[in-house]
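Worksheet for the structure shown next.
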Amino acid sequence: MPVTGEQTVSNVSDKPVLLRRRLLVTGRVQGVGFRPFIYRLAKDYGLVGTVRNSTAGVVIDVQGTPRRIRSFQQRLAADHPAQAVIEDIAVTSEPVVHRGDFAIIPSLENEADSVRLTPDLAMCEDCRREILDPNDRRYRYPFTNCTNCGPRYSIIESLPYDRHRTSMRRFTMCPECQKEYTNPADRRFHAQPNACPVCGPHVRLCSHRGHPVAEKHDAILHAADALRRGRIVALKGLGGYQLLVDARHDGAVRRLRYRKERPEKPLAVMYPSLSMIASHCRVSPTARRWLTSPAAPIVLIPLLREPDDMSTAPAASVTSNVGLLGVMLPYTPLHFLLMHELGFPFVATSGNRGGDPICIGDDEAFRNLGDIADFFLMHDRPIVRAVDDSVVRPLEQGTVVIRLSRGLAPAVIRIPQASPTILAAGGHLKNAFAIAHESRITVSQHIGDLDSPQSRRIHVRHIGDLTRLIGRTPSGIACDSHPDYFSTSHALTLDAEVQYVQHHVAHVLTGIAEHGLRGRLVGFAWDGTGLGEDGGIWGGETFIFDHDMYERAAILRSFPLPGGDAAVRNPRRSAIGLLYSLFGSAFGRKLPSHFKSGIDKIQIDVLERMLNRSINCPTSTSVGRLFDAVAALLGVSAEAGTYEGQAAMMLEAKAWESQDDRPLPYAIVESKSLCLDWGPMIEHILNGLIDDRTVADLARRFHATLAAMMAEVAVRLQATQVVLGGGCFQNTTLLEMCRGSLEKHGLQVFWPQTVPINDGGLAVGQAYAAARGIRKKGSDNVSGSPRQDC
Ligand code: ZN
Ligand code: ZN
Ligand code: FE
């Protein structure tokens with residue numbers, strides 16, 4: 001609101017006393033309509049001066065009376081655009097100068113410091129209204145955006161964020177767009193990707209061989225028609241290509257799975273509306289918030305056992321028995337227009353094959369997806385970097401982030417002290433890396449599993465990309481101690497000082513960093529696998545962190561994994577290792593009958609010989625492998641898992657069929673450290689296996705037992721604050737039960753909620769360890785050099 005009739009303090013010459021202030025605003029303040037907001041605010045208060053973007057943040061130079069400047073600052077902090085996140089406002093005094101007006105001025109380049117990069121934002125309500133209005137000049141225009149929505153990180157070539165440093169620079173604005181862009185009162189004032197049908201990008205539809213089929217809105221109509229006929233369409237989305245197919249059409253979905261070489265892993269589904277999602281799935285308030293947020297991620301929610309509307313429900317081949325469905329709403333105008341034509345849910349999965357990275361270039365898409373998709377719905381706005389869809393899993397209260405990417409990346413974690421620039425390389429699977437610099441850790445988007453040469457190239461390229469955007473050269477490296485991780489071996493080729501961070505120590509530090517926790521606390525890292533300090537496969541570790549020191553205070557009872565890595569792909573191997581550890585060579589007699597019918601006698605004999613001679617049978621304390629073993633013993637896992645965590649997901653889904661939360665017998669054994677002994681529990685499970693109902697009860701009670709063990713260990717270690725990390729907590733049933741049993745004992749529970757709890761968040765913990773010099777009690781570094789003996 002404009003301020004009028006203000007009484008100003010006068011000096012002897014009767015002129016009002018003027019002040020000049022320079023404000024440096026840092027945080028997510030670029031690409032979110034911040035400068036137009038400042039412009040209007042300064043005008044409201046009759047202040048003169050300038051505002052501009054810089055690589056340090058937004059720089060505001062204002063001059064006016066003390067009271068007006070004060071009000072301006074208050075409104076700036078309180079009423080800023082919804083998408084902006086202000087981290088800090090640094091204010092300095094400047095000498096008063098003569099100035100006539102307030103203006104937005106061009107960015108000064110090469111300024112030091114760093115800036116928070118803005119993630120891509122889902123289409124806003126105003127833009128949605130425009131593209132549905134036949135009288136609007138952007139009617140049905142699939143690249144409509146404004147200062148509140150549209151592409152950001154996926155089109156930025158360099159900073160500061162201005163149109164000529166984005167992939168929109170090839171499109172020259174028409175006079176009407178230019179007018180919006182330069183009018184401070186317009187919703188598109190300085191909206192860098194501003195475009196319209198006259199001057200902006202356009203879509204076209206091509207056959208899988210690249211022959212043109214249709215253009216502009218016709219292309220969308222043709223693509224919709226192809227989907228209705230069960231065809232597969234590759235769509236050039238915001239941060240990469242996606243593969244679309246009618247989710248209701250079982251045969252079409254199976255064809256997509258076959259061609260994409262993705263036999264069982266659940267596929268994400270885009271829905272026309274929240275209400276249709278609610279007719280197929282259970283939508284909690286947290287899930288609803290995520291679905292309608294500007295990040296618009298894939299949200300993993302439970303499927304209703306009996307959908308309200310069968311005619312639009314996804315085919316069984318979409319979810320393949322895990323009880324969860326990944327759903328999202330259209331987040332770009334292109335998705336929205338296509339969905340508007342269809343009105344039914346379609347599968348929207350990453351445009352890649354197997355474990356390769358998502359395609360972003362058009363030639364690359366034809367090359368890699370040409371024999372998967374029947375049609376290509378593409379456009380001429382280049383994607384600068386791959387930003388896959390993000391994935392979150394909501395709890396009753398809080399969230400687990402499964403994949404940090406579009407709409408959420410790059411993420412920023414504030415740390416208490418300034419850090420030298422450190423590159424944290426991340427893990428090997430679900431790789432993402434992070435850069436500690438100043439008093440923050442910037443976290444990259446999801447890159448993927450670093451098994452394929454393509455993923456490795458992307459990992460290396462994105463490290464170069466983000467360090468360039470941030471404008472820093474790392475002087476230090478933090479990485480996992482596993483010598484076979486590509487992230488580690490690549491990091492070692494860089495010219496910087498290296499610090500190894502043990503995998504599970506990093507998992508706990510991720511939560512500590514995000515929540516800014518200090519003092520003494522107990523951390524549980526329950527995980528698939530990671531290399532331990534003793535060369536074993538860890539994954540059920542409890543650490544005490546005390547200021548900048550840590551020690552391993554409790555472990556899961558260890559068991560051998562016949563075949564090592566092969567056990568990750570076959571849950572039965574974990575089960576055999578577990579029983580061997582309990583019963584020795586007599587384990588064969590303990591195998592449940594259903595188990596024996598799925599594995600032949602010769603195979604069991606081979607595994608027994610390996611176990612007897614300890615050949616290729618590393619010991620493991622992994623809770624993830626314990627989940628696999630129990631799933632195999634209960635007969636709820638697939639023959640052999642086709643992806644890591646599949647058995648655990650099926651076991652979790654089984655647990656939903658029961659209400660029995662009583663823990664099974666267990667023991668906490670005290671020796672050098674505490675040991676969580678699952679022995680009594682497994683004996684009870686073997687004796688209790690009678691019918692399908694007892695399977696569900698045992699699946700649930702297994703979860704409850706782990707939660708009870710955790711609480712007892714935390715209490716024995718005199719914890720007041722507990723931090724959870726590691727891939728096992730993607731299982732929110734386990735996470736909720738653990739939280740419940742810890743809170744019952746009056747403990748405070750934390751876990752990472754803005755970055756992944758799985759290996760995708762590992763880099764944050766690594767960066768934090770190196771930035772703060774976290775050390776193992778009694779040693780000088782986080783963990784020694786990588787071991788070569790496993
Ligand atoms: Zn908008
Ligand atoms: Zn235009
Ligand atoms: Fe891990």
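Coordinate-derived values only; no laboratory data. Since we're looking at a predicted model, the values are computed, not measured. For neighbour counting, all protein chains shown are included, and Cβ atoms are generated from backbone atoms with ideal geometry for every residue, glycine included.
Our helix-only sum for the chain, with -39,500 (n - 2.57) per DSSP H run of n ≥ 4 divided by its residues, gives a mean residue ellipticity at 222 nm of -9500 deg cm²/dmol. Helix 601-613 and the longest principal axis of the Cα set of the chain meet at an angle near 90°.
Compactness of region 482-629 is given as radius of gyration and Dmax, 18.1, 57 Å, from Cα positions. Taking label positions 7 Å along the Cα-Cβ direction at both Ala418 and Glu264, the computed distance is 5.3 nm, reported to one decimal.
Mean separation of Cα pairs under 8 Å and 6 or more residues apart, divided by the residue count, gives the chain a relative contact order of 11 percent. With only Cα atoms counted, region 264-371 has Rg and Dmax values of 14.6, 43 Å. Ordering of 52-63, 456-467 by packing is 52-63, 456-467, highest average first (other Cβ atoms within 10 Å, averaged per residue). Taking every Cα-Cα distance in the chain and sorting them into 10 Å bins starting at zero, the pair-distance distribution P(r) comes out as 3, 13, 22, 24, 19, 12, 5, 2, 1, 0, 0 percent.
For region 129-168, the average shadow cast by the Cα convex hull is 3.3 nm², which is a quarter of the hull's surface.
With R₀ fixed at 51 Å, the C-beta to C-beta distance from Thr473 to Arg282 puts the FRET efficiency at about 0.60. Note on Arg518 and Ser614: the model spin-label points, each 7 Å out from Cα along the C-beta direction, lie 4.6 nm apart.
The ranking of Ile69, Ile690 from fewest to most other beta carbons within 10 Å of each one's beta carbon is Ile690, Ile69.
Across region 656-721, C-alpha contacts under 8 Å between residues 6 or more apart give a mean separation that, scaled by the residue count, equals a relative contact order of 42 percent. Sparsely packed loop sites in region 240-301 (the trypsin sites (Lys or Arg not before Pro) outside DSSP H, G, I, E and B with at most 15 other Cβ atoms within 10 Å) comprise Arg282. Rounded to the nearest Hz, the phi-derived 3J(HN,Hα) couplings of region 440-447 under the Karplus curve 6.51 cos²θ - 1.76 cosθ + 1.60 (θ = phi - 60°) are 8, 10, 9, 9, 6, 6, 4, 9, where x marks glycine and proline. Its relative contact order, with pairs defined as Cα atoms under 8 Å and 6+ residues apart, puts region 527-583 at 20 percent.
Amide H to amide H, with H built 1.01 Å from N, Ala478 comes under 5 Å of Leu423, Ala424, Ala425, Gln499, counting only residues 5 or more places away or on other chains.
The tail of the calculated P(r) for region 487-570, taken as Cα-Cα distances beyond 18 Å, holds 52 percent of the pairs. Computed from Cα atoms, the angle from the helix 250-260 axis to the main principal axis of the chain rounds to 90 degrees. The lysines within cross-link reach of Lys430, meaning a Cα-to-Cα straight distance under 20 Å and a gap of 8 or more places when in the same chain, are Lys260, Lys265.
Report note on the peptides 262-269, 723-730: ranked by the mean count of other C-beta atoms within 10 Å, highest first, their order is 723-730, 262-269.
Axis angle, to the nearest 10 degrees, between helix 646-655 and the longest C-alpha principal axis of the chain: 80 degrees. Straight Cα distances below 25 angstrom link Lys596 to the lysines Lys654, with same-chain residues fewer than 8 positions distant left out.
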